[in-house]
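What follows is a short report on a single structure.
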């Protein structure tokens with residue numbers, strides 16, 4: 001549909017709205033009318049009613065939005081490149097730096113650091129805090145598995161009852 005065909009008056013749009021509400025438009029006419037309503041800036045109570053029935057939200061398109069969208073794309077591209085650079089530099093720094101801070105525990109290289117209420121914990125407290133957190137996570141996973149098993153058994157019971165009836 002050409003833009004010249006969209007030059008309808010409010011009276012013409014109101015008549016089309018009444019025809020739409022009275023279900024006197026064909027499917028093709030309804031689609032064309034929906035297109036017209038999505039493109040026109042004209043408004044009246046019946047036009048707004050039909051727009052809400054059709055689920056049409058008129059969004060004004062301006063050049064400032066297009067410029068802003070292009071600017072946002074450039075900002076996302078720049079931030080993605082910056083994040084990639086930081087990751088590469090961090091990995092390179094870790095690989096090149098001396099590993100003096102890593103201490104041997106049980107034959108494996110482990111260095112644990114932890115903070116509690118903004119204060120750095122010593123090594124023993126950090127290990128204890130990490131072990132407690134790991135135990136809580138394991139407990140939560142066991143509880144989730146038990147709960148899942150329980151609901152699966154209930155679902156199987158319901159399925160078997162309905163299939164027996």
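The values are calculated or read from the model by the stated rules, or taken from the named source; none is laboratory data. Computed from a predicted model, the values in this text were never measured in an experiment. Glycine gets a Cβ as well: all are built from the backbone with ideal geometry, and neighbour counts include every protein chain shown.
In the set (1) more than 30 Å from residue 43 (Cβ to Cβ); (2) at pLDDT 70 or above; (3) out of contact with any strand residue (DSSP E or B) (no Cβ under 7 Å at 6 or more places or on another chain), residue 57 fails one condition alone, (1). Please work out if residue 112 is in contact with a helix residue (DSSP H, G or I) (Cβ under 6 Å, 6 or more places away or on another chain) and either at pLDDT 80 or above or surrounded by 10 or more Cβ atoms within 10 Å (Cβ to Cβ) (or both). Yes; evaluated as a whole, the condition is true for this residue.
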